[in-house]
Structure formats: C-alpha cells, structure tokens
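The values are calculated or read from the model by the stated rules, or taken from the named source; none is laboratory data. Please read these numbers as outputs of a predicted model, since none were measured by experiment. Here the Cβ positions follow ideal geometry from the backbone for every residue, glycine too, while neighbour counts run over all protein chains shown. All accessible areas refer to the heavy atoms of the entire protein, side chains included, with ligands and DNA or RNA removed. Shrake-Rupley method; radii C 1.70, N 1.55, O 1.52, S 1.80 Å.
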Amino acid sequence: MIRLDKFLCEMEIGTRSQVKDIVKKGMVSVDGEVVKKADYKFDETAAKVCVNGKELSYQKFYYYMLNKPQGVVSATIDNHDKTVLDLLKDAPGKDLFPVGRLDKDTEGLLLITNDGELSHNLLSPKKHVDKTYLVETKVAVTEEMIHKLEQGVDIGEEQLTLPAKAERIEDKKIELTITEGKFHQVKRMLKAVNNEVIYLKRLSMGSLKLDDTLALGEYRCLTDNEVLELKGK
Ligand code: URA
C-alpha cells in the first residue's frame, strides 16, 4: 500500500506540493473514482491510476544486468570508491541494489534490482545457485588442481568447499562453476591448490548469462524471459 501523493511523486508527476495540488483539483482517479485526498492509500501493484484521464503504468520491480568493470565496488554507497549504482544513476527504479558482491577487481555479471525476494532466493546458501567464473591464474592449472577444485578444497572454513566444476580453457585459464558464495571464494580456492587468481570475471549466475555485447560499465534491462527464468517460472 502506498499514499497517493507519494505514488505520484515516484511516478515523477511533480513535486510533493504539485501533486497535492493536482489531487485536490480532482485530476486524479484510482480505479475509476476521483480521489481528492493526497493521503489516500491504495495497492499500487493492482490499481489503475489516471491523471487527467491518462493511465499511469507502474512498474514495481526493476532488473538490470551490469558488466561490472574493475575499480568499482559492489555497494549502494561508498565514501571512497565509485559504486556499481553510480554506473546506473540514470536507470529508472527506486532502491536498487546489487545481488551479492563481486570484489573491486572482479569484472562481469552483476544483477542489480529492487526485488528483495529474488535476491534472497539467488543468494540463499540453501539454494546452491551456480555461479560461473572465468579465472586466469598465475601458473598453469594442472589436472591435480582441477581434480581438487572439483572435489572440494580447504579455504579455512569449517567444511571443505562444495564440489565445483572446473573446465580448462587454456593452460592458465579455467571456467569454474561454484554453488556457494563465500567471501573471496574463487581466490581462496585457487590459493588452496597453490595457485593464484590474476584475473576474474563472472560469466553467469543461475540461468542468467552475461550479455557479451555489453562493454565494461554498460548495463541493460533483463528481458521478461530472463526474469521468469531466474525466478524459476
Ligand atoms: N570469488 C572471488 O574470489 N571474488 C569475487 O569477486 C567473486 C567470487
């Protein structure tokens, strides 16, 4: 439920005092009835709101994929560094936030939304959502390293990492798919097999794949299908 004046401000109809005035003058209707009270509360996800007879189309949730560049932090605000939200400052949508974190020096797919439920489902440790990373390493990745990464390694947590999938691309390049999201997990996993990450890029999260037409720092809205797939529908 939302107040009519707040809703109209969010829809960028005018300032708080302008929208109050519009409402008082009887220019706004909700579900076909003229409403003259600015504090009138209604369900913005279901109601049909018209201003001067013209229907407003309301979108509650927004979904963007960002190709995160290095040097930008996965936060909504930061005192020192540029944030991923600074890259989306012209994108419509209130209360956007990144779904999970990529390190400052990690590139690639980051989902930005204001849908808390979807975010929770994607990040829940119980859901084991696949995350695939392109990993460039300091030294060549041996068969033994691949085997260990796939079995589970000791990164200093109570338990070994869950089984992962590691596919060699080149001597010093693998694609690693993990189902957890521990702090610095990929870097710690490579360290645990006596190697080191020198470049990291996320390629996918669940069903969502990074659009390779997006340059670093660019973003786009998810398609309806991408959103439905992420929600498992
Ligand atoms: N694992 C890491 O070590 N860093 C990231 O940014 C993501 C996964």
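Listed by position, the helices (runs of 4 or more DSSP H) enclosed by segment 125-231 that each have at least 2 residues that are more than 25 Å from residue 72 (Cβ to Cβ) are 143-151, 224-230.
Taking segment 25-108 and the strands (runs of 3 or more DSSP E) fully enclosed by it, the elements with 3 or more residues that are under 12 Å from the mean Cα position of the chain (by Cα) are at 63-68. Considered as a group, the residues in segment 54-73 that are within 16 Å of the ligand (Cβ to nearest atom) and farther than 20 Å from residue 226 by Cβ include one that is most open to solvent (accessible area, probe 1.4 Å), and that residue is 70.
Being touching a Pro at 6+ places or on another chain (Cβ under 6 Å), within 30 Å of residue 96 (Cβ to Cβ) and of a type in the set (A, V, I, L, M) holds for only one residue in 216, 203, and it is 216. Residues that are over 22 Å from residue 118 (Cβ atoms) and surrounded by 15 or more Cβ atoms within 10 Å (Cβ to Cβ) were ranked within segment 200-215; the one that is nearest to the ligand (Cβ to nearest atom) is 200. Screening segment 166-194 for residues that are under 21 Å from residue 100 (Cα atoms) and more than 10 Å from the ligand (Cβ to nearest atom) and picking the one that is farthest from the chain's Cα centre (by Cα) gives 175. No other residue among 20, 41, 37, 25 is of a type in the set (D, E, K, R) and in contact with an Asp or Glu (Cβ under 6 Å, 6 or more places away or on another chain) apart from 20. Cβ-Cβ contacts under 7 Å between residues 6 or more apart (or on different chains), taken from a first residue in segment 168-186 that is on the phi < 0 side of the Ramachandran plot to a second residue that is more than 8 Å from the ligand (Cβ to nearest atom) and among the basic types (Lys, Arg), are listed as 174/168; 177/165.
Across segment 32-47, which residue is nearest to residue 93 (Cα to Cα) among those that are of a type in the set (D, E, K, R) and at pLDDT 95 or above?
41
Picking from 126, 89, which residue would you name as being without any contact (Cβ under 8 Å) to a residue 40 or more places away in the chain, more than 21 Å from residue 181 (Cβ to Cβ) and surrounded by fewer than 17 Cβ atoms within 10 Å (Cβ to Cβ)? First the steps, then the outcome.
Working: 126 fails: more than 21 Å from residue 181 (Cβ to Cβ).
Step by step, each of 126, 89 is checked, and only 89 is without any contact (Cβ under 8 Å) to a residue 40 or more places away in the chain, more than 21 Å from residue 181 (Cβ to Cβ) and surrounded by fewer than 17 Cβ atoms within 10 Å (Cβ to Cβ).
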